[in-house]
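First comes the structure, then the notes that go with it.
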Amino acid sequence: MAAIFFTALRVAPEGPRAPGSDRFVLSKGHAAPLLYAAWAEAGLLARDALLTLRRLDSDLEGHPTPRLTFVDVATGSLGQGLSVGVGLALGARMAGGDSRTWVLLGDGEIAEGSVWEAAQLATHLRLAQLVAVVDVNGLGQSGPTMHGHDLEAFRRRFAAFGWRVRLVDGHDMGAIVKAVQWAQRGQDAPSAIVARTVKGRGIEGVDGLDGWHGRALPAETAARATERLQQRLHHLPAPALPRPRRRVAPAASAATSREPGPAAAPPGAVATRQAYGDALVRVGAHEPRLVAVDGDVKNSTFAEKFAAAYPPRFVQAFIAEQNMVGMGAGLAAQGFIPFASTFACFLTRAADQIRMAGISGSNVKLCGSHAGVSIGEDGPSQMGLEDLALFRAVPGAIVLYPADGVATHACVELAARHHGLVYLRTTRMATPPVYGAGEAFHLGGLKVLRESAQDRLTIVAAGITLHEALAAHDELRATGLAARVIDLYSVKPVDAPALIAAARATGGTILTVEDHYPEGGLGDAVQEAVGPAAVRVHRLAVREVPRSGPPLALLERFGIGRAAIVAAARELAAVPDALSRSGPALR
């Protein structure tokens, strides 16, 4: 840390997040006291603040978070820092800078596959300004690491992924400084410094011993260790941090962005996944910070349209969703607005990276296509049926689920303009238009599409099931049963007052329909919103592991098609206390 900070780390006077500044990522976030001490020595943190470590009223938390100006993305869930570093290094290059990104990893977290997802993409992207430093102390949390002090094992692995590698004695300052200087000379590939260290070196009763992870020293041991360290102090002031060689402008300022005009209404049926690709191109024309990232499915998510329109702002992340999300967080920390897309089901692989992006307040946008049983014959392994629950659980996340092309364009624009994590759910099959050009949408909104004074219940749906609900409404109306239909395109946040008002106007009953498992999805969102008003909510959802088949047949087979909606609506309208009855139709 001393060698990196005071011989290599170039920081602009404005601070560590200024464009052009080098970035430092502490992937092994449990070593947070070391990070705080380094920045205090560098002058960006008051020394007295170090004594507030882990206090409730302190930003010096047990693991680093972006509450601190020198932390770009929260770390501590191991194996994610190198992905963030890839995004930071790539973002610096896209912004035209020459800044370097340093990532300190522990040898234990090297067992995480996401580390190697990042390592292979860093080589593919030729990120020569990325440096990984691996602290090989041979000890994990609960025992020895996989390779112990076998530095050669680490050298072979990084070299196999195309990295420049240098092995070093992690306690030899002269050798460390030379290794850091060597890393700075890299021009064709990322560099890795693999350092052999001894945990607790020089501390009696701790030196090289297992069992000290996350434990404070006993007071007497700490006093002796501190005294010994103080005897070795050179009492010289820390040198000033080096300054960046090149000044760069921000990725693009908000002032340079212009609001795109209203989306044209599609001439006919269109899949929202296709509209997503069109919307990226449309919004990207006016928002120079927008970057599209895709997980090797750009021909299915239609991110290929953005790739064709703006090649320098498209990143192929390949089939490595964990790294894709972590890289997105790094790009966002450099001032870009990354839209990362893949199938909704595959985003669950990156649940931990999504969770950490939420903790970080990252300005990352994620699009999950091919959601639900409506994808058809590909079968349950490809059907995203858990994604709404995942993203609704992330603090601060926005969840949008458009039903047609105009709504999709609006949702992409809303996502781009909102600072924070946004999830956009899109559908595989083409659906007819619902809205005309210029229709207004907003975060936390909904649309009442069918209503009358005679409505006896409210049907709430989104995405593909909205079209089924509209078809069911027409069939019910033909038989004399009036029902209100709401498009809940904003699944989080939810317009609770509007839902409660609709329920009270329709007999106090809501029927929700979703192409998702019942746990944590649209139905739960509605139930939570109207619960305080004692509104009855009946939910139609996919309640078993689905199977392959034609899309419309699957909607009916699993109880979320128009026939199922009609049957449930008739029973609810006929029996006021239907929710209290048992039976397969009502749940």
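The values are calculated or read from the model by the stated rules, or taken from the named source; none is laboratory data. The structure presented is a predicted model; accordingly, all values stated were derived computationally and were not measured. Here the Cβ positions follow ideal geometry from the backbone for every residue, glycine too, while neighbour counts run over all protein chains shown. These area figures cover heavy atoms from the full protein model, side chains too; ligands, DNA and RNA do not enter into them. Shrake-Rupley method; radii C 1.70, N 1.55, O 1.52, S 1.80 Å.
Each peptide in 78-90, 174-186 was scored by the mean count of other Cβ atoms within 10 Å over its residues; highest first, the order is 78-90, 174-186.
Only bridges with both residues in the chain count here: give the DSSP antiparallel percent, nearest 5.
In the chain, DSSP labels about 15 percent of beta bridges as antiparallel.
Charged neighbours of Ala351, selected by a Cβ distance under 12 Å, balance to -2 (K, R count +1; D, E count -1). Per residue, the chain reaches -10000 deg cm²/dmol at 222 nm when only DSSP H runs of four or more residues are counted, each adding -39500 (n - 2.57).
Both radii are taken from the alpha-carbon atoms of the stretch 1-73; with Rh as the Kirkwood radius, Rg/Rh is 0.93. At the residue level, Met94 shows approximately 60 square angstrom of accessible surface with a 1.4 angstrom probe and all protein chains present.
Charges only on Cβ, +1 for Lys and Arg, -1 for Asp and Glu: so what's the dipole of the chain about the Cα centre, in debye to the nearest 20?
Working: 59 positive and 55 negative charges, 230 e Å.
I would put it at about 1100 debye.
Taking every protein chain into account, the 1.4 Å probe leaves Phe314 with about 40 Å² of accessible area, to the nearest ten.
In a DSSP loop and with at most 13 other Cβ atoms within 10 Å, the GluC sites (Glu not before Pro) in the stretch 122-230 are Glu204.
Taking the protein heavy atoms of the chain in the context of the full set of protein chains, the accessible area attributed to carbon and sulfur is 53 percent at 1.4 Å.
For the chain, the longest principal axis of the C-alpha atoms and the axis of helix 81-94 are separated by about 90°.
Which three numbers, in whole Å and largest first, are the semi-axes of the equivalent ellipsoid of the stretch 34-79 derived from its Cα gyration tensor as √(5λ)? Can you show the working numbers first?
On the way: eigenvalues 57, 33, 16 Å².
With the √(5λ) rule applied to the stretch 34-79, the semi-axes are 17, 13, 9 Å.
Inter-part distance, the stretch 353-390 to the stretch 406-471, computed on C-alpha centroids, equals 18 Å. Its residue count N sets the reference 2.2 N^0.38 Å, and the alpha-carbon radius of gyration of the chain equals 1.09 times that reference.
Based on the Cβ-Cβ distance from Ala159 to Glu304, what FRET efficiency comes out when R0 is 41 Å, to the nearest 0.05? The computed FRET efficiency comes out at 0.75. The stretch 95-130 and the stretch 42-56 have their alpha-carbon centroids 29 Å apart.
Residues His171, His409, sorted by accessible area with the largest first, give His171, His409 [1.4 Å probe; ligands and nucleic acids excluded].
Pairs with C-alpha atoms separated by more than 28 Å, drawn from the list Lys28/Lys365; Lys28/Lys305; Lys28/Lys492; Lys178/Lys199; Lys28/Lys178, are Lys28/Lys305; Lys28/Lys492.
Relative to the dominant Cα principal axis of the chain, helix 321-333 is inclined by about 70°. Accessible area per residue for the chain, computed on protein heavy atoms with a 1.4 Å probe, is 40 Å². The stretch 160-222 and the stretch 311-345 have Cα centres separated by 30 Å.
Taking the longest Cα principal axis of the chain as reference, the axis of helix 151-160 is set at about 50 degrees. The value obtained for the stretch 373-486, namely the Cα convex hull volume divided by the number of residues, is 133 Å³ per residue.
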